[in-house]
1. Average partner chain C-beta neighbours within 10 Å, per residue of A:157-167?
2. What are the residues whose amide H is under 5 Å from the amide H of B:Y69, where those residues sit 5 or more places off or on another chain and H is modelled from the backbone?
3. Using a simple spin-label model with points 7 Å from Cα along the Cα→Cβ vector, what separation in nm is obtained for A:R149 and B:N54?
4. Got a sec? Which residues of the range B:2-28 lose 40 Å² or more of accessible surface with every protein chain in place, vs. that chain alone, 1.4 Å probe?
5. For chain B, what does the relative contact order come out to in percent, with C-alpha contacts under 8 Å and a separation of six or more?
6. Within the range B:95-178, what whole-number % of the accessible surface is contributed by carbon and sulfur, with the 1.4 Å probe and all protein chains included in the calculation?
7. Given the range A:95-178, what whole percent of its Cα pairs are spread farther than 22 Å?
8. Tell me, what % of the accessible area of the range A:2-84 is carbon and sulfur with a 1.4 angstrom probe?
There are 2 protein chains.
Amino acid sequence: MSLDYAILGFLNYHPYSGYDLKKVLDVSVRHFWNADQSQIYRTLARLTDAGYVNMEMVEQSQRPDRKVYHITSTGHSALLQWLSGPPPLGSTHSGPMVQVFFMSALSDAEILRQFEGYAHIMRSVLAQYDQVPQQVENVYQDVQSPRERFFWLLTLDSGLRTMRANLEWAEAAIKKMKAGQIPVDKEQK
Amino acid sequence: MSLDYAILGFLNYHPYSGYDLKKVLDVSVRHFWNADQSQIYRTLARLTDAGYVNMEMVEQSQRPDRKVYHITSTGHSALLQWLSGPPPLGSTHSGPMVQVFFMSALSDAEILRQFEGYAHIMRSVLAQYDQVPQQVENVYQDVQSPRERFFWLLTLDSGLRTMRANLEWAEAAIKKMKAGQIPVDKEQK
DNA sequence: GAGACATATTAGACTTATCCTATATAAGAT
DNA sequence: ATCTTATATAGGATAAGTCTAATATGTCTC
């Protein structure tokens, strides 16, 4: 459901086509929302039915025609109401944590290898965060007002802090493991 | 897809019915996986079709009959393979971050109120984490081997660290806002 | 001039998840 | 007596997300 409002949010900045939205979403909010291209088109159709957006056909001679979507005043109100409402917490689903929870079934060596893999992924994600600001400078020029920028930076900061906490967690776990602190069950060979 | 392995993981500890699994999941892994009851039954049916679990009918005179599920050797291998494979990162979806990203459309007062709401929720989640260990002591006695416990505690530690990082983020944001650091756009009234 | 790549939209099949509800039984409370 | 809670399973409807690929055109490179 938040995809509806992510799209409304962008259309509130500027009119976009489905194709534009995919690019803009990928560049700006990828760190907390990944949008499937075909889901974007379906959502646009739904938002049109709901009267939250209007479609404008823009003919192009050299390329396929674009369908550019504009937010309506109904859509604008709906966005504001959602923004000031409770956070959409939804359902918690962390696949990696499921893996960790049942990891006792693996050998100590395999477990250590898994955690080093985790730490490696987390470090590379942290490295990617450094590049996001520049990418936005180049591609995503409609959300550049200082006020909008402030909140975009807040989401980036949240991602950074969370990922740093995750990495510290993985490193602390590895340290414990290397100190031989994984308990061994009796039936374990 | 991780629900499949969460269920396999528990059946690897002990045979359970769908009803048991719902309770066990709610008590132990709720902080990173919330399972819909009817989804559990559907998943058990799917796992049975796949040959990963077997169903055993247990007749009861006073109550409806139980269908107790046992993991098969095929299921056991599948679990081990999944556990030693790459972390199921899946798709990133954070509704709250969508809210923050587009929050510039609200007034400064509403924004501050939203963030204080966030911080409040985060504090109460942190308080709930303290109660989880006791609940597990009481209800969830099959996952009590020291080795299994070690990994259960690791998932708890991850949740704690993440939530603490989130709270620090919200508090830092509130501080900035109170210091009048939210930029104001020209067209803003 | 062949092939790769970028632009631009959309459909179809499939999987997964969520919500609500129905069914049945019995214990315990008010 | 009735209401709630607990035990136990499951179906229908809807929503949401994923994967794949079809359609159409222009540019750029080798």
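1. Values: counts 4, 10, 4, 2, 8, 7, 2, 2, 10, 4, 1.
For this peptide, the per-residue mean of nearby foreign Cβ atoms is 5.
2. Those qualifying (amide H under 5 Å, at least 5 residues apart or on another chain) are B:Y16, B:S17, B:E56.
3. Result for the modelled spin labels: 6.6 nm.
4. Those are B:Y13, which lose 40 Å² or more relative to the chain on its own.
5. On the way: 135 pairs, mean separation 42.5, N = 189.
Answer for chain B is 22 percent.
6. Details: 1950 of 3710 Å².
Reported share for carbon and sulfur atoms: 53 percent.
7. Working: 1458 of 3486 pairs.
So the portion of pairs separated by more than 22 Å is 42 percent.
8. Working: 1980 of 4270 Å².
Carbon-and-sulfur percentage of accessible area, whole number: 46.
The values are calculated or read from the model by the stated rules, or taken from the named source; none is laboratory data. Keep in mind that what you see is a predicted model, and the values were worked out from it rather than measured. We place every Cβ from the backbone using ideal geometry, glycine too, and count neighbours over all the protein chains shown. Only protein heavy atoms, including side chains, enter the accessible area calculation; ligands, DNA and RNA are left aside. Shrake-Rupley method; radii C 1.70, N 1.55, O 1.52, S 1.80 Å.
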